[in-house]
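Below: one structure, written as structure tokens.
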Amino acid sequence: MSTTVTQDMSFLHLITSASVLVQLVMLILILISLSSWWFIFRKLFVIRYEIKKTDDFEDIFWRGVDLNALHQRIISSRYESGSLERIFAAGFGEFTKHPAGSDLDAVMESTRRAMRATYQREMDYLESHLSFLATVGSVSPYIGLFGTVWGIMNSFRSLSSVTQATIAHVAPGIAEALIATAMGLFAAIPAVVAYNRYASRTDQLATRFESFMEELSNVLQRRAAE
Amino acid sequence: MSSSVPRNSPHSEPRSLLAGVLAVLVHLLFIALLVFGVSWKDHPPEGMMVDIWTELPKPVQEPVKTQAPPKQPKPVPEPVKPEPEPPKPEPIKPEPPKPEPPKPEPPKPEPVKPAPPKAAATPPVKKPDIAMKEKPEPVKENKPDLEEQKKKEQEKIKEQEKQKELEKKKELEKKKELEKQKELEKQKELEKQQEIAKQKEAEKQKALEKQKELQKQKEKELAAQRQREQEAKAQREAEAQRAAQQAAARNQVTSEIGKYKALILAKIRSRIVMPPDLPGNPVAEFSVTLLPGGDILDVRLSKSSGHAAFDSAVERAIFLSKPLPLPPDPTLFNEFRNLNITVHYRE
């Protein structure tokens, strides 16, 4: 009587008394959750930083600064530059490399290509690890579910040796197993939320970069025509 | 484009370490929540434990009860009435409702003596059941006025003596009645025994009669069986004859059915407006539902000939040829209720 009632149902005991496979699933889920949270915070910092840098650069650029000076400053402080600054540096550098008398169309074409290439690279960087978050969000519940199903299977199998089946025989096993699902959900929910949020943020940044590229090419074309 | 090569280096954010620390922090927070949450839920089961164990103290109370009985005799003495004539406990019952019969037996203690032990006994008595409490209460009432008690007791004793005399008389009367009753019962028993004996004899006779009847029945059954066998043989022969007759009848019937089917088909054929120049010999099959009297309820094309013109021509012909010729015997109509008609383009 007392043995069944006073069974240790604490969290740690539930984990340690689980079967090996369930423990393995839990370990995997903990690692996945840790890494997903790591990426969540990294992307949070990176995207915030990029948005701030983009705001600042657009502010400076449209205030009518000397483009050569701006380019020089970006080149010198390359390690503190944002994506949009790098796109500008690539485009402007390519534009200034051409001699003054060359064909305007060809110059603008190569400038656009340079900006496009940098833009692709920057977007690649901004969107890196987002797919990992998406994967965690969609897969970790299944991993947790697998652990749960396995644990419940085992706890029911242990019932076969008992003549009188009571809920007390099954309940601890099910509780152990359900922890795996809880872990999977704990890993998945923030990952999904973060993925959706970051994906929309990076899309916003991408449209801002693209429109800036168009506007910069207009500015440069006007400057070359003068 | 030269700047593009080291471009990936600016992406190595120093804050990734902070991100890792934050991630670990989040997990620690969550685990702490879980641990505290789950262990917090651990306590209610312990509360359950307490509830379960409260049942066990009951056996502890039982010993208290066992101690109580010795106290019971002490309070009982209050009715001192038994003192004069302790041997007859029965008559006392009506007068004092409270005391039980066994208690009056130890009436040794005088009315005064019981009081102090009662006082001593009362405190422990509080614990036991309500039944116990009820008894001590009257005791307390008696304590204050012992003189009155004595008077009352004397009066009671007198009353008791009177009553006892009355009761003795009653008992004598009762004994007489009982003797009479016993005699009556003995007579009844004798009568019953006689009746039983008679019944047994009757039953034996009946059993014998039954046996005889059974034997007779068996004989009758045997005779009946023989008769039946003979009858069965006769029946079989008759049946065989009948079967032969029926087969003949069936043959007649089938021949009649065939005849009428041929008649129906001939009537339908006569109404068909054949579409000209169909290749080969197409066959159209229709299932026709008939009503008694030869009317057509439903015509369904069960197998097309492959030529819609021929199918529709046949269908029209079926409708045109109603009423269809049916045998006059209404019992044969079942054979025609659902009729399958196959019409060949060429005969």
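What follows is calculated from the coordinates using simple rules that are stated; it is not laboratory data. Everything numeric in this text was worked out from a predicted model, so none of it was measured.
Average projection, convex hull of the Cα set of region A:13-225: 14.9 square nanometres. The phi-based Karplus calculation (6.51 cos²θ - 1.76 cosθ + 1.60; θ = phi - 60°) puts the 3J(HN,Hα) values of region A:21-28 at 5, 5, 5, 4, 4, 4, 4, 4 Hz, whole numbers, x for Gly and Pro.
Kindly provide the helix-only [θ] at 222 nm of chain A, computed as the sum of -39,500 (n - 2.57) over DSSP H runs of four or more divided by all residues, to the nearest 500 deg cm²/dmol? Walk me through the intermediate numbers first.
On the way: 8 runs with 188 residues, N = 226.
So the calculated ellipticity at 222 nm is -29500 deg cm²/dmol.
For region B:184-311, treating each Cα as an identical point scatterer without solvent, what Debye log10 I(q)/I(0) comes out at q = 0.20 1/Å? Debye curve over Cα of region B:184-311, log10 I(q)/I(0) at q = 0.20 Å⁻¹: -1.19. Our compactness index for region A:111-218, the C-alpha radius of gyration over the empirical 2.2 N^0.38 Å, is 1.85.
Among B:K259/B:K322; B:K168/B:K188; B:K186/B:K206, which pairs are too far apart, with a Cα-Cα distance over 19 Å? From the list (B:K259/B:K322; B:K168/B:K188; B:K186/B:K206), the Cα-Cα distance tops 19 Å for B:K168/B:K188; B:K186/B:K206. Karplus-derived 3J(HN,Hα) values for region B:297-308, using 6.51 cos²θ - 1.76 cosθ + 1.60 with θ = phi - 60°, are 8, 8, 10, 10, 7, 8, 8, 6, 7, x, 10, 4 Hz; glycine and proline are entered as x. Seen from every direction in turn and averaged, the convex hull around the alpha carbons of region B:249-344 projects onto 6.0 nm².
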